[in-house]
Amino acid sequence: MIPLAKPSIDNTDIAAVTEVLLSGQLVQGRKVEEFERHVSDIVGASNAVAVSNCTAALHLALLALNIKPDDLVAVPAYSWPATANVVELCGATPIFVDIEPDTFAMSASALAHTLDRVSGSTRTRGTFVAVIVVHPFGQMADMRAILKITEKLKIPVIEDAACALGALRNGLRSGGCGQIGCFSFHPRKAITTGEGGIACCNDQAVSDTMRTWRNHGQHPSASTPTFTLPGYNYRMTDVQAALGISQLQKYPHILDMRRKAAGQYHTLLARTSLTLPPTLADNQPVHQSYVVLLPQKYSNTQRETIFRLRELGVEATIGTWHIPMTEYYKTRYNYTVGNYPIADDIFQRALSLPLFDAITETEQEYVAECLRSLGL
Ligand SMILES: *Cc1c(COP(=O)(O)O)cnc(C)c1O
């Protein structure tokens with residue numbers, strides 16, 4: 001089976017982890033701080049708070065921005081459910097926004113429309129207090145257009161940059177252009193710490209609040225332990241951080257290999273009926289996943305296509321989730337098909353193909369051959 005993803009772990013990574021294991025200092029040692037410094041350099045942020053996963057990072061971001069019950073947070077309709085779940089965890093309400101058909105990211109015009117519509121409605125309690133923008137599969141959203149809208153309204157932006165560490169677009173760095181940028185180091189992302197996440201920001205007070213929530217409510221700079229909040233334990237271990245530091249050494253190379261593999265798919269699939277990821281000007285995505293679209297007339301064959309590809313030894317899957325149509329959100333807020341037409345369409349047609357740094361040309365040729373054999 002050609003796997004969908006494969007983490008890039010070598011002997012250097014193993015040695016880095018072993019060193020921490022033998023040191024006896026498994027948590028709250030130096031490695032987490034060192035990892036935070038490396039990531040903040042890449043993102044161009046003054047602060048980085050390493051945590052147990054990206055969901056924890058997003059949750060801390062909302063807590064640090066003081067999101068309260070009845071507040072409204074704009075969230076793209078098409079993402080991993082964690083993007084919306086963290087809003088619910090704060091007792092606030094996610095208001096979904098439709099996406100762009102080519103990048104799958106939140107549409108700036110749909111955001112403007114939603115902010116307008118909901119703010120003017122007397123039926124919806126609460127006010128917009130934040131926007132969470134996702135950079136899907138490592139492709140940055142149009143942050144210039146989105147920030148133009150949010151800055152005018154003075155609404156903070158959290159970037160769910162889970163898949164997009166190191167991505168650039170129009171001179172903006174992923175996770176470094178909103179108020180807080182969150183990243184994941186889950187094994188399906190381009191580099192991994194097993195489980196792991198980090199929240200980056202430029203505001204010292206916001207960073208201190210996230211550190212406090214991360215560590216049982218203990219304020220980071222108090223000289224004697226002072227518990228100022230009823231916090232969580234969202235800490236990253238030194239074992240994870242050591243793996244992360246080691247992975248970051250290879251990150252430019254990993255990104256390069258992924259870029260080449262994506263380019264290779266682009267050539268191999270150019271003459272199929274699939275819609276390929278867009279090539280945009282002044283854009284450097286992280287190729288976390290290679291997601292193509294089935295032709296419109298095949299939209300009802302997505303599940304079968306995935307099944308048949310697996311039978312042929314190719315592990316493909318859907319892109320990501322149409323959050324308003326997942327059980328919890330659909331039931332709680334009565335969403336139906338048609339509320340988010342672009343997400344409806346993309347959710348039915350997206351197909352994620354195997355992509356990892358060590359994928360070979362032969363494997364990619366085989367994937368293309370299988371797609372052609374299915375008549376695509
Ligand atoms: C992977 C992912 C997450 C969750 O990250 P974890 O580290 O597994 O918590 C959140 N949002 C997006 C867009 C993701 O791709």
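Rundown of residues vs (1) farther than 16 Å from Cys182 by Cβ; (2) in contact (Cβ under 8 Å) with a residue 40 or more places away in the chain, yes/no style:
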site	(1), (2)
Gly24	yes, no
Val27	yes, yes
Arg37	yes, no
Ala50	no, yes
Asn53	no, yes
Leu60	no, yes
Pro76	no, yes
Asp98	yes, yes
Thr103	yes, yes
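Suppose we filter Ile67, Ile14 for residues that are of a type in the set (A, V, I, L, M) and over 25 Å from Gly217 (Cα atoms); which single one remains? Even if it seems obvious, please write down each step before you answer.
Numbers: Ile67 fails: over 25 Å from Gly217 (Cα atoms).
Sole residue among the options that is of a type in the set (A, V, I, L, M) and over 25 Å from Gly217 (Cα atoms): Ile14.
Please verify whether region 108-131 includes one or more residues that are within 16 Å of the chain's Cα centre (by Cα) and either at positive phi or of a type in the set (A, V, I, L, M, F, W, C) (or both).
There is at least one residue in region 108-131 that is within 16 Å of the chain's Cα centre (by Cα) and either at positive phi or of a type in the set (A, V, I, L, M, F, W, C) (or both).
Within region 181-211, work out how many residues are surrounded by 24 or more Cβ atoms within 10 Å (Cβ to Cβ), over 13 Å from the mean Cα position of the chain (by Cα), over 20 Å from Gln249 (Cβ atoms) and within 16 Å of the ligand (Cβ to nearest atom). Within region 181-211, residues that are surrounded by 24 or more Cβ atoms within 10 Å (Cβ to Cβ), over 13 Å from the mean Cα position of the chain (by Cα), over 20 Å from Gln249 (Cβ atoms) and within 16 Å of the ligand (Cβ to nearest atom) number 1.
When the helices (runs of 4 or more DSSP H) confined to region 262-376 are screened for residues that are hydroxyl-bearing (Ser, Thr, Tyr) and surrounded by fewer than 18 Cβ atoms within 10 Å (Cβ to Cβ), those reaching at least 3 such residues are found at 327-333, 361-373. For region 293-329, a residue qualifies if it is among the hydrophobic types (A, V, I, L, M, F, W, C), more than 15 Å from the ligand (Cβ to nearest atom) and in contact with a helix residue (DSSP H, G or I) (Cβ under 8 Å, 6 or more places away or on another chain), and the qualifying residues are Leu293, Leu294, Leu309, Leu312, Val314, Ala316, Met325. Considered as a group, the residues in region 82-99 that are within 13 Å of the ligand (Cβ to nearest atom), within 23 Å of Gln348 (Cβ to Cβ) and of a type in the set (A, V, I, L, M) include one that is surrounded by the fewest Cβ atoms within 10 Å (Cβ to Cβ), and that residue is Ala82. Considering region 63-81, the residues that are within 16 Å of the ligand (Cβ to nearest atom) and surrounded by 24 or more Cβ atoms within 10 Å (Cβ to Cβ) include one that is nearest to Ala130 (Cα to Cα), namely Val73. Do you know which residues across region 196-252 are in contact with a Pro (Cβ under 7 Å, 6 or more places away or on another chain) and in contact (Cβ under 8 Å) with a residue 60 or more places away in the chain? Once the filter is applied, which keeps residues that are in contact with a Pro (Cβ under 7 Å, 6 or more places away or on another chain) and in contact (Cβ under 8 Å) with a residue 60 or more places away in the chain, region 196-252 yields only Arg211.
Coordinate-derived values only; no laboratory data. Nothing here was measured: the structure is a model prediction, and the numbers come from that model. In this analysis, Cβ positions are derived from the backbone assuming ideal geometry, glycine residues included, and neighbour counts consider all displayed protein chains.
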